[in-house]
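S.K.: Before anything else, here's the structure in question.
Every number in this text was worked out from the coordinates using simple rules, so none of it is lab data. Computed from a predicted model, the values in this text were never measured in an experiment. Heads up, the Cβs are rebuilt from the backbone with ideal geometry, glycines too, and the neighbour counts pull from every protein chain shown.
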Amino acid sequence: MSIHFYEPRQGHGLPHDPFNAIVGPRPIGWISSLSGEGVRNLAPYSFFNAFNYVPPIVGFASIGAKDTLRNVQETGEFVWNLATRPLAEAMNASCAAVGPEVDEFALAGLTPTPSRLVAAPRVAESPVAFECKVTQIIQLQQVSGETVPTWLVLGEVVGVHIAAASLKDGVYDTANAGHILRAGGPADYFSVGPEQLFQMHRPR
Ligand SMILES: Cc1cc2nc3c(=O)[nH]c(=O)nc-3n(C[C@H](O)[C@H](O)[C@H](O)COP(=O)(O)O)c2cc1C
C-alpha cells in the first residue's frame, strides 16, 4: 500500500487539508445561547461530540473566541439543537459572521422557544434539544505546552426534549430522524437514513 505521510506542522502537501474530511462526517453542535444582556445567539459547531453517558456530557470547540464562547462564559448555559435535513439551510445561515448584537434565530428564520431549566432558548423547529449547564471550559494547548486560541466547552445535559415523532415504540429512531453530518471541504455534508444502518453486537 502506497501511503502519503505528512507531519501537519510541515504542511500536508495536498490540494486541501484532509483532516476535516477524515474525521468525519461529524455530528453538528447547533448551539443556542444567551449573552449576559439577554441577546439570543445560535451557531453550528462541528467540533462537537458526546463524552459521557451518566451524567450525559457534550462538548464543542470554539476555534477563536466567538460569541457562543463568550455567552457560555457569561451565563454557564447553552442548548444543543439537532440539525436535520429540513433545517440544513437554516443551520448554515446561522453560521454567518455577524456581530454579537445579531440574533441568528431571526437571521435564519427560526423560532426561539423557551427551555425549561436554562434561560437560553431552543430551536422550536428542531426535533431534539439538550438543555446544558457548562461543567468545564478548557483552553487547548500544543504538545509544547503553548496554548492554542481554541476552547473546548463541556456541558452536562440537564434536560432533553424529543419530538414524539422521533420515538418509535418509545425508542429513538436515529435512522429516520434526518440527522445531518459535516464532512470535509468547504461544503460537504452527509445525511443519515435507514440505508446506512447496520448492526453489530460486541463480542461476549
Ligand atoms: C457546519 C458548520 C460547522 C462549524 N463548526 C465550527 C466549529 O467546530 N468550531 C468553530 O469555532 N466554528 C465552527 N463553525 C463556524 C461558526 O459557526 C461561525 O464562526 C459562527 O459565526 C460562530 O458564531 P458565534 O460567534 O455566534 O458563536 C462551523 C460552521 C458550520 C457551518
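S.K.: Rank-order 15-24, 121-130 by packing density, defined as the average count of other C-beta atoms within 10 Å over each peptide's residues, highest first.
M.R.: On the way: 15-24: 12.6, 121-130: 21.6.
Result, highest mean first: 121-130, 15-24.
S.K.: Given that compact globular proteins tend to follow 2.2 N^0.38 Å, what is the ratio of the alpha-carbon Rg of the chain to that value?
M.R.: Values: Rg = 18.0 Å, N = 204, 2.2 N^0.38 = 16.6 Å.
Relative to the rule-of-thumb radius for its length, the chain sits at 1.09.
S.K.: A follow-up question, please. Between Arg85 and Gln10, what is the spin-label point distance in nm, taking each point 7 Å from the Cα along the Cα→C-beta axis?
M.R.: Here the answer is 4.4 nm between the modelled labels.
S.K.: Can you show me the helix-derived [θ] at 222 nm for the chain, built from DSSP H runs with n ≥ 4 at -39,500 (n - 2.57) apiece and divided by the number of residues, rounded to the nearest 500.
M.R.: On the way: 4 runs with 23 residues, N = 204.
Result for the chain, helices only: -2500 deg cm²/dmol.
S.K.: What are the chymotrypsin sites (Phe, Trp or Tyr not before Pro) within region 140-204 that DSSP puts in a loop, where the Cβ has at most 10 other Cβ atoms within 10 Å? Spell out each step's value before the answer.
M.R.: Details: sites: Trp151, Tyr172, Tyr189, Phe190, Phe198; in loops: Phe198.
The qualifying sites are Phe198.
S.K.: Sticking with this one: For region 101-141 and region 151-180, what is the separation of their C-alpha centers, rounded to whole Å?
M.R.: 14 Å
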